[in-house]
1. Mark the label point 7 Å from the Cα of Ala114 along Cα→Cβ and return the residues of the range 184-219 whose backbone N is within less than 20 Å of it.
2. Using θ = phi - 60° and the Karplus relation 6.51 cos²θ - 1.76 cosθ + 1.60, list the HN-Hα couplings for the range 171-181 in order, rounded to whole Hz, with x at every Gly or Pro.
3. From the protein chains alone at 1.4 Å, what is the descending order of accessible area for Glu162, Glu194, largest first?
4. Tabulate in residue order the Karplus-calculated ³J(HN,Hα) for the range 215-226, using 6.51 cos²θ - 1.76 cosθ + 1.60 with θ = phi - 60°, rounded to whole Hz; enter x for Gly and Pro.
5. Of Lys116/Lys186; Lys97/Lys186; Lys97/Lys145; Lys50/Lys97; Lys44/Lys97; Lys42/Lys97, which ones are farther than 22 Å apart at the Cα?
6. Assuming 0.36 nm per residue, please report the length gained on full extension of the stretch Asp205 to Ala266 beyond their Cα-Cα distance.
7. Over the Cα atoms of the range 167-281, each weighted equally, I'd like the Debye log10 I(q)/I(0) at q = 0.14, 0.19, 0.23 Å⁻¹, rounded to two decimals.
8. What does the charge count around Trp52 come to, taking other residues whose C-beta lies under 10 Å from its C-beta (Lys +1, Arg +1, Asp -1, Glu -1)?
Amino acid sequence: MARHATRQPRHRALTASRKRGDAAQTAKDASPHSGGKPPTFKAKQALREKIWARLTQHRLGRFPFPLTDRIPNFRGAEAAAARLTTLPEWAAARRLKCNPDAAQLPVRRAALAAGKHVFMALPRLSAAKCFLHLDPARLRGRLAKAATIAGAAALGRAVGPEALGHIDLIVAGSVAVDPRGARLGKGGGYSDLEFALAAERGAVDAQTLVVTTVHDAQVVGGGIPMTAHDVPVDVVATPTRVIRTRRTLPRPAGIHWEELSAAQLAAMPPLAALGRASPRR
């Protein structure tokens, strides 16, 4: 009974962020970076709306619907994941951080099937133990279930940032990307904060590859606005091709403390703890 009671909040936290409108509210009110330059924020949101509309109009999306206000699931997600698994960096990777969205479910399944450790962040970094660790050695025949949101909540072990070790590969969900590696998420800014937190902890470094899987219709010609805290991607895998960006855009070296209010830090215990301990703040 005690174990069941401790798992339930994690399940609610993971599934709650997938409800309709939650991401939109995050982007408008709770984004750690919503205080940035309004023109940049508006340009990003306009591109999100364009991509969501494009996928919807051409019936390129898959459940969950609507595609708006989320990392969209797309037709061909399995093929994109399969292309990702052909990379030598994928074969060499032992520890991954992966977003929990449906579009990257095939990637998580492939990682666990290959014996890789997978870490999934709890939404909004809302707990001190803000990652779920999926260890294939402990799952024993439950790999497919563990790759899902509900399965990860039930079978994963909640750990803090100090348990990440060295992350070899980061899988990010995207609404849009361009060939330079510029990436557009759903607007909350938490994926970038997860990267920055891991960087501050030394869990990611210059050797850590950042990848994403998207539909070809989500690859735009260029011009995605990027700010200092945005994390670019090194590899884009689609159902038809692999794009290597050659890391032409800079990565954030850590957390931009000046962009976070006291209230935001209080809502994110792992960042609050790091901020109190950091002399750089």
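1. Flagged as within label range: 204-215.
2. 9, 10, x, 9, 8, 8, 9, 10, x, 6, x
3. These residues rank, largest area first, as Glu162, Glu194.
4. Couplings: 6, 4, 5, 8, 8, 9, x, x, x, 5, x, 10 Hz.
5. As for pairs spanning more than 22 Å Cα to Cα, those are Lys116/Lys186; Lys50/Lys97; Lys44/Lys97; Lys42/Lys97.
6. My answer for the length gained is 19.3 nm.
7. Result of the Debye calculation: -0.58, -0.98, -1.29.
8. +3
The values are calculated or read from the model by the stated rules, or taken from the named source; none is laboratory data. Everything numeric in this text was worked out from a predicted model, so none of it was measured. We place every Cβ from the backbone using ideal geometry, glycine too, and count neighbours over all the protein chains shown. SASA here: full protein model, heavy atoms, side chains in, ligands and nucleic acids out. Shrake-Rupley method; radii C 1.70, N 1.55, O 1.52, S 1.80 Å.
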